[in-house]
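The values are calculated or read from the model by the stated rules, or taken from the named source; none is laboratory data. In this text the structure is predicted, and so the values were computed from the model without any measurement. FYI the Cβ positions are ideal-geometry reconstructions off the backbone, even for glycines, and counts take in every protein chain you see.
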Amino acid sequence: MHRVVALVRPVQSTFELGCAVEVFGTPRSGVPQHYEFGVCTETPGPVPTSAGYPMFVAQDLSALESADTVIVPGWLPVEAPLSDRVRGALLAAHARGVRLVTICSGVFALARTGLLDGRSATAHPARAEQLRREFPRVRVEPDRLYVDHGDVATSAGAGAGIDLCLHLVRRDHGAAYAALLARDMVMTPHREGGRARYGPTPRPEDALDGLLDWAGARLGTPLSVRDLAAHAGVSPRTLARRFADRLGTSPGAWLLSCRVNAARTLLEETDLPVEAIATRVGLTSAVNLRRRFRARVGTTPGAYRRAFRGL
């Protein structure tokens, strides 16, 4: 059983902590329990929360000694220093091979250990410049939902903390199990970690003069990047620049993402065979769908469908 421990402090954000509890600490009927969850603090006892009530935390920093993953679910105020005990406990845990994870403002605590020096990290956009200014050796990437280096991982806003936690579940136990867990949470199984503005079906109504809606309604046809450019009345090079500026991706990658996400929906909501789904979403064959699906989702269409249906 993988042990996850959240390190909290006054005043603790209840939402950031709740993100970790929801993914790692909530028993669910029909979903195997692969994690054991605990909470600790430097000084056990009542810990004030952002919701106005105290929560009682019985475990001290020694709880980190048995952890496999340590989560810092926010760190407010962000200017608050690490005590020698907390810093030492985090560094000792990391040295033992424990994975250190932060949600939202928790990145400030991790940055103070020095473990992010020379590495990329993400933060809430409103705090990114402050993080960059206070920790110039950290490469701050505020447009990322999350950044995972294996031993340390950071997420942007609080909501992105759920994306990061589900990503870690996927890494630990596979995409099928993560999809099963996400389904029970009524969450999207996988939002790309690449850019915060680039979700699983990025279709902003005001972007690219309606091109995205036009293309999204024609996924079953053999659309190409040239077709997209022609519809938009621009050259393929100009279209690529617009996609990069507004969506942080290329037209081809966006189109493939839409096709795979449409396949996900059909796998979840219909009993269509994989060959028929491939045709409907414009991936032409079951072989091509399986290859593209595995590359982007990390599992096969059949395994994905079984996981979502709890089979």
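Filtering region 1-22 to residues that are small (Gly, Ala, Ser) and in a loop (DSSP other than H, G, I, E, B) leaves only 13.
Contact map, region 61-88: first residue under 11 Å from residue 107 (Cα atoms) and assigned by TED's automatic domain parsing to the domain that holds residue 113, second residue in a helix (DSSP H, G or I) and among the hydrophobic types (A, V, I, L, M, F, W, C), Cβ cut-off under 6 Å, separation 6 or more or different chains; pairs are 71/20; 72/109; 73/17; 73/20; 75/108; 75/109; 78/108. Within region 99-118, being farther than 23 Å from residue 172 by Cα and either outside the structural domain of residue 16 (by TED's automatic domain parsing) or among the charged types (D, E, K, R) (or both) holds for 112, 117.
The set of residues in region 23-35 that are assigned to a strand (DSSP E or B) and either modelled with pLDDT of 95 or more or closer than 17 Å to residue 67 by Cα (or both) contains only 35.
The residues of region 264-282 that are under 26 Å from residue 171 (Cβ atoms) and at pLDDT 90 or above amount to a single one, 274.
In region 41-55, is there at least one residue being in contact with a helix residue (DSSP H, G or I) (Cβ under 6 Å, 6 or more places away or on another chain), farther than 18 Å from residue 158 by Cβ and aromatic (Phe, Trp, Tyr)? Within region 41-55 (the criterion being in contact with a helix residue (DSSP H, G or I) (Cβ under 6 Å, 6 or more places away or on another chain), farther than 18 Å from residue 158 by Cβ and aromatic (Phe, Trp, Tyr)), the answer is no, since none of the residues qualifies.
Across region 119-151, what is the number of residues that are surrounded by fewer than 17 Cβ atoms within 10 Å (Cβ to Cβ), under 25 Å from residue 172 (Cα atoms) and either polar (S, T, N, Q) or not assigned by TED's automatic domain parsing to the domain that holds residue 74 (or both)? The number of residues fulfilling the criteria is 1. Scanning region 99-122 for residues that are touching a helix residue (DSSP H, G or I) at 6+ places or on another chain (Cβ under 9 Å) and more than 18 Å from residue 81 (Cβ to Cβ) yields 99, 101, 103, 104, 121, 122. Here is the figure for region 42-60: residues that are assigned to a loop (DSSP other than H, G, I, E, B) and in contact with a Gly (Cβ under 9 Å, 6 or more places away or on another chain) total 2.
The helices (runs of 4 or more DSSP H) falling completely within region 204-311 that include 1 or more residues that are touching a Gly at 6+ places or on another chain (Cβ under 7 Å) and surrounded by 13 or more Cβ atoms within 10 Å (Cβ to Cβ) map to 225-232, 251-269, 274-280. Exactly one residue out of 92, 126, 109 is closer than 22 Å to residue 15 by Cβ and at pLDDT 95 or above: that is 109.
Considering 306, 294, the condition of being free of Cβ contacts under 8 Å to residues at least 60 places away in the same chain and of a type in the set (D, E, K, R) is satisfied by 294 alone. Checking the stated criteria, residue 38 turns out to be more than 23 Å from residue 149 (Cβ to Cβ) and either not in a helix (DSSP H, G or I) or not charged (D, E, K, R) (or both). Being touching a helix residue (DSSP H, G or I) at 6+ places or on another chain (Cβ under 6 Å), closer than 19 Å to residue 166 by Cβ and modelled with pLDDT of 90 or more is not true of residue 308.
Taking the criterion of being among the aliphatic types (A, V, I, L, M) and closer than 17 Å to residue 256 by Cα, the residues of region 277-306 that qualify are 277, 278, 281, 283, 286, 287, 289, 295, 297.
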